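Novice: Structure below; questions to follow.
Just so you know, all these numbers are worked out from the coordinates, no wet-lab data involved. Just so it is clear, the structure is predicted and the values come from calculations on it, not from any experiment. Positions of Cβ are generated from backbone atoms using ideal geometry, with glycine treated the same way; all protein chains shown enter the neighbour counts.
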Amino acid sequence: MHIISRNFDGRSYLYLAWNEKIEGKWKKRTRYLAKSPRAALKRLESLDIPDAEKVKLVASLDSDTWQTPGHVIESAISVMGAIDLDPATLPTNPVGAAQFYTKADDGLAQPWRGRVWLNPPYSKPAPFLLKLIKAYQAGEVTQAIALCKSGVIQNKGTGRAIAESAAARCFWYGRLNFEHSKTKDKGRGADFDVVAIYWGDQPGRFAEVFGAYGMVS
């Protein structure tokens with residue numbers, strides 16, 4: 001099963017799509033969900049489909065609510081000593097940062113200082129990464145680690161800024177297991193490559209700790 005979008009008269013509509021064997025032949029079937037991803041999420045919760053499929057579908061619609069596994073947070077603290085700020089998190093503050101901003105706080109409009117952990121919204125990470133880099137170059141952020149899709153390294157909007165400012169990067173071996181804050185699906189491998197990016201004066205310590213997870217450069 002997967003989600004598809006269809007356009008009619010300039011408007012987009014979301015459908016659930018799957019293949020079903022009918023009279024010995026595979027046929028594509030669709031079922032209307034909603035007009036918006038938020039409404040589609042609610043609709044999916046009410047459907048009688050296997051939990052494993054539901055988790056995958058929810059994740060495809062809502063890519064911004066995957067939480068970082070605890071051992072990665074522990075590694076970040078091991079490198080930086082503590083996390084003073086998490087500017088893109090949930091009200092429960094799962095990272096345990098001394099200060100944190102949620103979507104309601106609009107972290108992009110707030111000051112960023114100290115040692116920062118950043119797991120940005122993967123649907124639009126660039127504004128968060130660029131704000132982090134600007135705050136680091138201004139001396140307001142002293143150390144930072146950002147966990148992102150690896151594409152940010154090549155992206156024209158963020159790639160050069162990262163290359164000119166970051167002290168080290170760790171390209172993950174395999175796929176990192178995240179936990180979805182809504183489905184509580186634990187241990188699910190992300191369907192994208194991940195990179196951890198470090199800013200600060202401890203690149204050797206970062207390489208020592210994060211080298212267990214991937215290739216550090």
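Novice: Given a Förster radius of 22 Å and the C-beta distance between residue 126 and residue 102 as r, what FRET efficiency does 1/(1 + (r/R0)^6) yield to the nearest 0.05?
Specialist: E(calc), rounded to 0.05, equals 0.65.
Novice: Given only helices, namely DSSP H runs of n ≥ 4 each adding -39500 (n - 2.57), what is the per-residue ellipticity at 222 nm of the chain, to the nearest 500 deg cm²/dmol?
Specialist: Calculated from helices alone, the mean residue ellipticity at 222 nm is -8000 deg cm²/dmol.
Novice: Which Cα, out of 12, 172, 98, lies furthest along the positive dipole direction of the chain (beta carbon charges, K/R +1, D/E -1)?
Specialist: The residue sitting most towards the positive pole is 12.
Novice: With Cβ to Cβ distances under 15 Å as the rule, what net charge do the other residues near residue 112 carry (K, R +1; D, E -1)?
Specialist: Neighbourhood net charge equals -1.
Novice: Next up: Net charge near residue 83, counting Lys/Arg +1 and Asp/Glu -1 over other residues with Cβ under 11 Å of its Cβ?
Specialist: Local net charge: -2.
Novice: May I ask you to compute the full-extension gain from residue 17 to residue 34, defined as 0.36 nm times their residue separation minus their alpha-carbon distance, rounded to one decimal in nm?
Specialist: 4.8 nm
Novice: Could you grab the relative contact order for the chain? Cα pairs under 8 Å, six or more apart, rounded to a whole percent.
Specialist: That works out to 15 percent.
Novice: While we're on this one: Give me the three principal axis extents of the chain from the C-alpha atoms, as integers in angstrom, largest value leading.
Specialist: Principal-axis extents of the chain (Cα, largest first): 65, 35, 33 Å.
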